[in-house]
Amino acid sequence: MKGYIHSTESCGTVDGPGIRFVVFFQGCPMRCLYCHNPDTWQPHIGQQMSVDEILKMYESKSEFYKKGGITCTGGEPLLQIDFLTELFEACHQRHIHTCLDTSGITFHEDPKYLEKLDRLLKVTDLIMLDIKHIDPDEHQKLTSQPNENILKFAHYVDDFGVTLWIRHVVVPTITQNEQYLFQLGQFIGTLKNIKALDVLPYHTMGLPKYENLEMDYPLKGIQPLDKEDAIAAREVILKGMKDTLKKSH
């Protein structure tokens, strides 16, 4: 089996614990307005690679990854769940730490899909889950997709026992909103296996890529978020988490 791979990065430092080998999968159903990898959207294109080819690249620098491992991101890796599972099963046979960076957008409660997902989760050490927006209507505007199955995915993998690392991008005029941030925290407070919370400031580093692809950048004119504002947003999310935890006791 071969997967459609956009690219790889040999020294990822923000893609999970430690230094990591990062595999960018091709294809994504989300159309996030702030996406800085629009060239990963189209499925079934890009370089076709086998599990052995990917692991050969990993092992050529394995000394760097002793406290890290492999992270699969995208695009959306779960669009290629069969290949992803084959890769992670091979990683576990070699005692390589596996991290899945996903939006959870492909989740649905069909028994055949859940059977595939369970097989993947057995060999997934960490899920970095990007929650784009907690409000259903605003999520649809931001990503062109609903968030119902994403939130169900969060609970499903949490109940399965996989460690979760939540990521949330704070965008001025869109997600920089105390009510939404507090609601997001309330939701995160319902999850048991949270390892970390990354609140990321919106940036415009993707602009040149849009220009090169001759695409209009949807958020032109919105300024990058200050780090101080991201820290303040994180505090609001934490308050929401504490609110849920207080009510549950």
>> I'd like to know if the range 184-193 contains one or more residues that are part of a helix (DSSP H, G or I) and loosely packed, with under 13 Cβ neighbours inside 10 Å.
In response: no
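Of the residues Gln179, Gln186, only one is among the polar types (S, T, N, Q) and within 21 Å of the chain's Cα centre (by Cα); which?
Values: Gln179 fails: within 21 Å of the chain's Cα centre (by Cα).
Answer to the check: Gln186.
Mind checking which residues of the range 1-30 are in a strand (DSSP E or B), without any contact (Cβ under 8 Å) to a residue 60 or more places away in the chain and not charged (D, E, K, R)?
In the first step, residues of the range 1-30 are kept if they are in a strand (DSSP E or B); the result is 2-12, 20-25.
Then drop every residue that is not without any contact (Cβ under 8 Å) to a residue 60 or more places away in the chain, which leaves 5, 7-12, 21-22, 24-25.
Passing the criteria: Ile5, Ser7, Thr8, Ser10, Cys11, Gly12, Phe21, Val22, Phe24, Phe25.
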>> What are the pairs with Cβ atoms under 6 angstrom where one residue, in the range 31-52, is at pLDDT below 95 and the other, located anywhere, is of a type in the set (D, E, K, R)? Sequence gap at least six, or different chains.
In response: none
> Which residue pairs have Cβ atoms under 6 Å apart, sit 6 or more places apart or on different chains, and have a first residue in the range 230-241 that is within 11 Å of Gln186 (Cβ to Cβ) and a second that is polar (S, T, N, Q)?
Replying inline: Gly240/Gln186
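Output the residue which, of all residues in the range 97-115 that are surrounded by fewer than 16 Cβ atoms within 10 Å (Cβ to Cβ) and not aliphatic (A, V, I, L, M), is nearest to the chain's Cα centre (by Cα). Even if it seems obvious, please write down each step before you answer.
Within the range 97-115, the subset surrounded by fewer than 16 Cβ atoms within 10 Å (Cβ to Cβ) is 108-115.
Within this subset, residues satisfying the condition of being not aliphatic (A, V, I, L, M) are 108-113, 115.
Values: His108: 17, Glu109: 20, Asp110: 22, Pro111: 24, Lys112: 23, Tyr113: 19, Glu115: 21 Å.
Taking the candidates together, the pick is His108.
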>> If I filter the range 142-151 down to residues being assigned to a helix (DSSP H, G or I) and surrounded by 14 or more Cβ atoms within 10 Å (Cβ to Cβ), which single residue comes out as nearest to the chain's Cα centre (by Cα)?
In response: Ile150
> Is it true that some residue in the range 8-25 is within 17 Å of the chain's Cα centre (by Cα), charged (D, E, K, R) and over 16 Å from Gly69 (Cα atoms)?
Replying inline: no
> Could you list, in sequence order, the residues of the range 48-84 that are polar (S, T, N, Q) and surrounded by fewer than 21 Cβ atoms within 10 Å (Cβ to Cβ)?
Replying inline: Gln48, Ser50, Ser60, Ser62
>> So Arg234 ticks every box in (1) modelled with pLDDT under 95; (2) within 22 Å of Leu129 (Cα to Cα); (3) not hydrophobic (A, V, I, L, M, F, W, C) but one. Which box is left unticked?
In response: (1)
> What pairs come up if the first residue lies in the range 182-209 and is within 22 Å of Lys152 (Cβ to Cβ), the second is of a type in the set (Ser, Thr, Tyr) and not in a helix (DSSP H, G or I), and their beta carbons are under 9 Å apart, counting only those six or more places apart or on different chains?
Replying inline: Leu184/Thr175; Asn193/Thr163; Ile194/Thr163; Lys195/Thr163
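Hey, any hits in the range 127-135 for a residue that's exposed (fewer than 14 other Cβ atoms within 10 Å of the Cβ), over 18 Å from Gly75 (Cα atoms) and either of a type in the set (Ser, Thr, Tyr) or modelled with pLDDT of 95 or more (or both)?
First, pick out the residues of the range 127-135 that are exposed (fewer than 14 other Cβ atoms within 10 Å of the Cβ): none.
Taking every residue of the range 127-135 in turn, none turns out to be exposed (fewer than 14 other Cβ atoms within 10 Å of the Cβ), over 18 Å from Gly75 (Cα atoms) and either of a type in the set (Ser, Thr, Tyr) or modelled with pLDDT of 95 or more (or both).
The values are calculated or read from the model by the stated rules, or taken from the named source; none is laboratory data. Just so it is clear, the structure is predicted and the values come from calculations on it, not from any experiment. Counting neighbours? That spans all protein chains shown, and the Cβs are built from the backbone with ideal geometry, glycine included.
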